[in-house]
Structure formats: C-alpha cells, structure tokens
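Student: Just dropping this structure here.
Derivation of every value follows stated rules applied to the coordinates shown; laboratory data play no part. In this text the structure is predicted, and so the values were computed from the model without any measurement. Here the Cβ is made from the backbone with ideal geometry for all residues, glycine too, and neighbour counts use every protein chain on show.
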Amino acid sequence: DRVVGDVVLAPGVPRRTTPELAARVRAAHPHVPRHACVNDEGDTFAAVMADTPLPHLLEHLVIDLQTQAAADRDAVFVGTTEWTDERAGRARIEVSFVDDLVALRAFRDAIALLNELVAGSISGILSPN
C-alpha cells in the first residue's frame, strides 16, 4: 500500500529548503503548502516549507503529483520521510498510492521538478537510489 523511495542528495548540496526554494515550489504547485503535515510548527506543510529537509519537500511533491493524477478526486495520499544517513544525504520516503505506476511516475517527475527548481545554482541535487 506504499511505495518506498530511497534518495541521495548530491555531494555538497544543502540538506534543507530555503524561503526562495519554497516560493518557487508555491508558484509551480500552489496546493503543496496546504497539505496536512505532522510537524512541530503547525498543521500544514506551509509551516515548515521554507526550512525543512529536501527529501521532505520531495515527499509532498510526490503526493501533490499523485493527487493531480488521481481519477478519484476524493483519494487521500499520506507519506513519511526520514533520514537514513543525513551526513551522506540519504533519506527514505514512503508514500501511499492508488496506482503503482502513477506513484512511480510521480516520484520521477517530482525529482526532475526539484532538480529543475534548484538547478539555477546547483546541478542535479537528487537521484533515486
């Protein structure tokens, strides 16, 4: 019932989002800040979006892309993200899915989008492991 993605940040890439990156994500995916999110700052992803681990942002992008592609407009997707080795930039993202092919496409497209949004200063920040 969940797809698991192990991701690795490129060497030297910051581990956390910035307000500038959060603004770019908001412009490209305006629903992401409104996602429900369990965090210490608030009830939505917006509360931490400007300063959260990049893999956590990736989780929310995957969920958003699945939501957009879902045939069932009432489908609900949930996920979790945890560092498996923060120093090495390795994290595990688990996201629920309705259609495994849509979930895999969402991971691929979310990684490409995040790389593109950050590419102005850094080339290729994330790769599937």
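Student: Calculate the dipole size of the range 15-66 relative to its Cα centre from +1 charges on Lys and Arg beta carbons and -1 charges on Asp and Glu beta carbons; express the result in debye to the nearest 20.
Tutor: Numbers: 5 positive and 7 negative charges, 41 e Å.
In total the dipole reaches around 200 debye.
Student: Under 5 Å between amide H atoms, partner at least 5 residues away or on a different chain: which partners does Arg16 have, H built in plane at 1.01 Å?
Tutor: Leu54
Student: Kindly write out, for the range 91-101 in residue order, the coupling ³J(HN,Hα) from the Karplus curve 6.51 cos²θ - 1.76 cosθ + 1.60 (θ = phi - 60°), rounded to whole Hz, with x marking Gly and Pro.
Tutor: These are the phi-based 3J(HN,Hα) values: 9, 10, 10, 10, 9, 5, 8, 9, 10, 4, 5 Hz.
Student: Using the per-residue mean of other Cβ atoms lying within 10 Å as a proxy for protection, in what order, highest first, do the peptides 55-67, 12-24 fall?
Tutor: Going from most to least packed, we get 55-67, 12-24.
Student: So, one more: If you put +1 on each Lys and Arg Cβ and -1 on each Asp and Glu Cβ, how big is the dipole of the chain around its Cα centre, in Debye rounded to 20?
Tutor: 380 debye
Student: Can I ask one more? How do 80-93, 29-42 rank on mean C-beta neighbours within 10 Å, highest first?
Tutor: Per-residue mean Cβ counts within 10 Å order the peptides as 80-93, 29-42.
Student: Karplus couplings for the range 42-58 from phi (6.51 cos²θ - 1.76 cosθ + 1.60, θ = phi - 60°), rounded to Hz, Gly and Pro as x?
Tutor: Going residue by residue, I get x, 9, 10, 5, 4, 5, 10, 4, 7, 7, 9, x, 3, x, 5, 4, 4 Hz, with x marking Gly and Pro.
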